[in-house]
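> Here's a structure for you.
The values are calculated or read from the model by the stated rules, or taken from the named source; none is laboratory data. On a predicted model such as this, the values are computed, not experimentally measured, just so you know. Positions of Cβ are backbone-derived with ideal geometry, glycine not excepted, and every protein chain shown enters the neighbour counts.
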């Protein structure tokens, strides 16, 4: 969704943990700012992953300013769906690789000598521009390392919609080794399913499916754990019904 803001009255408004409205404003000083919510989410994921400040060189551009600087007529910047970014201490190529991981089938990613262009268009577009724009197939090479830190695991599962109460799960995974290992396995060994999974609800079916997928090994233990702990049951339920193995 594209939202409209005022630089003057909304400039300090936080859009996410690390980004506010003024960072997306047009460089000509005009008041209206268009910002895609999906773009903010992608930029925050990039910020979270690299754990380094992200500088937005250019985000929203009104049509007059876009024309003045020689931007493409239908530039994604004019819709509020694009940002040219620099991640402190990280090469533009590494940023492009991670953006590719986040948007394998959609969005625009452009690699430039000093920055990375990221946009959230529906179609997929990839290019390099080192003085002349050349279309490329993509920016492969990023591999997600196994997450072991509890807050990172829970944050990732929250992003996927598997965990809805991160505070609860941070406490639970810190105090309960079984909860930690289940969350860790789901986080690192599965990805969200693009199709429709068969709906499994019974403890027996869920445990059997998790065993088949090598997410758990001791099925007898997990039968008892799921029967005794509704939170663990729901984590297992969401895992089998929302994900597939990597």
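> Restricting attention to the range 130-149, does a residue exist that is in contact with a strand residue (DSSP E or B) (Cβ under 7 Å, 6 or more places away or on another chain), free of Cβ contacts under 8 Å to residues at least 60 places away in the same chain and crowded, with 16+ Cβ neighbours inside 10 Å?
yes
> I want to confirm something. Restricting to the range 45-58 and keeping residues that are assigned to a loop (DSSP other than H, G, I, E, B) and either at pLDDT 95 or above or in contact with a strand residue (DSSP E or B) (Cβ under 9 Å, 6 or more places away or on another chain) (or both), which single residue is surrounded by the fewest Cβ atoms within 10 Å (Cβ to Cβ)?
53
> Would it be correct to say that residue 131 is modelled with pLDDT under 90, over 17 Å from the mean Cα position of the chain (by Cα) and not in a helix (DSSP H, G or I)?
In short, no.
> Among the residues of the range 205-246 satisfying the criterion of being loosely packed, with under 12 Cβ neighbours inside 10 Å and assigned to a helix (DSSP H, G or I), which is farthest from the chain's Cα centre (by Cα)?
Applying the filter and picking the extreme gives 220.
> Please go through the range 30-44 and pick out each residue that is surrounded by fewer than 18 Cβ atoms within 10 Å (Cβ to Cβ) and in contact with a helix residue (DSSP H, G or I) (Cβ under 8 Å, 6 or more places away or on another chain).
30, 31, 32
> Also, I was wondering about something else. Identify the single condition in (1) touching a helix residue (DSSP H, G or I) at 6+ places or on another chain (Cβ under 8 Å); (2) under 25 Å from residue 51 (Cα atoms); (3) not in a helix (DSSP H, G or I) that residue 199 does not satisfy, given that it satisfies every other one.
Result: residue 199 passes all but (2).
> A further question on this structure: Can you pull out the residues in the range 17-34 that are modelled with pLDDT of 95 or more and part of a loop (DSSP other than H, G, I, E, B)?
Of everything in the range 17-34, those that are modelled with pLDDT of 95 or more and part of a loop (DSSP other than H, G, I, E, B) turn out to be 18, 19, 25, 26, 27, 28, 29, 30, 31.
> Spot the failing condition for residue 121; the list is (1) within 17 Å of residue 72 (Cα to Cα); (2) more than 17 Å from the chain's Cα centre (by Cα), and only one is missed.
Among (1) within 17 Å of residue 72 (Cα to Cα); (2) more than 17 Å from the chain's Cα centre (by Cα), the lone unmet condition for residue 121 is (2).
> Which members of the range 59-68 meet the condition of being crowded, with 20+ Cβ neighbours inside 10 Å and touching a residue at least 24 places away in the same chain (Cβ under 8 Å)?
Within the range 59-68, 59, 60, 61 meet the criteria.
> Of everything in the range 87-109, what is touching a strand residue (DSSP E or B) at 6+ places or on another chain (Cβ under 7 Å) and without any contact (Cβ under 8 Å) to a residue 24 or more places away in the chain? Give them in sequence order.
Scanning the range 87-109 gives 105, 106.
> Taking the criterion of being within 22 Å of residue 107 (Cα to Cα), in contact with a strand residue (DSSP E or B) (Cβ under 8 Å, 6 or more places away or on another chain) and exposed (fewer than 14 other Cβ atoms within 10 Å of the Cβ), would at least one residue in the range 17-27 satisfy it?
No, because not a single residue in the range 17-27 is within 22 Å of residue 107 (Cα to Cα), in contact with a strand residue (DSSP E or B) (Cβ under 8 Å, 6 or more places away or on another chain) and exposed (fewer than 14 other Cβ atoms within 10 Å of the Cβ).
> Something else: What residue, among those in the range 88-102 that are in a helix (DSSP H, G or I) and under 14 Å from residue 56 (Cα atoms), is nearest to the chain's Cα centre (by Cα)?
Within the range 88-102, the first condition is being in a helix (DSSP H, G or I), and the residues that meet it are 92-102.
With the extra rule that they be under 14 Å from residue 56 (Cα atoms), the set shrinks to 92, 95.
On the way: 92: 18, 95: 13 Å.
Among those residues, the one meeting the criterion is 95.
> Can you pull out the residues in the range 110-128 that are in a strand (DSSP E or B) and either in contact (Cβ under 8 Å) with a residue 40 or more places away in the chain or over 20 Å from residue 54 (Cα atoms) (or both)?
Within the range 110-128, 118, 119, 124, 125, 126, 127, 128 qualify.
> Another question, if that's okay. Go through the residues of the range 189-198 one by one and say whether even a single one is modelled with pLDDT of 95 or more, loosely packed, with under 12 Cβ neighbours inside 10 Å and not assigned by TED's automatic domain parsing to the domain that holds residue 41.
Within the range 189-198, not a single residue is modelled with pLDDT of 95 or more, loosely packed, with under 12 Cβ neighbours inside 10 Å and not assigned by TED's automatic domain parsing to the domain that holds residue 41.
> Additional query: Among (1) surrounded by 12 or more Cβ atoms within 10 Å (Cβ to Cβ); (2) without any contact (Cβ under 8 Å) to a residue 12 or more places away in the chain; (3) closer than 17 Å to residue 243 by Cα, where does residue 152 come up short?
(3)
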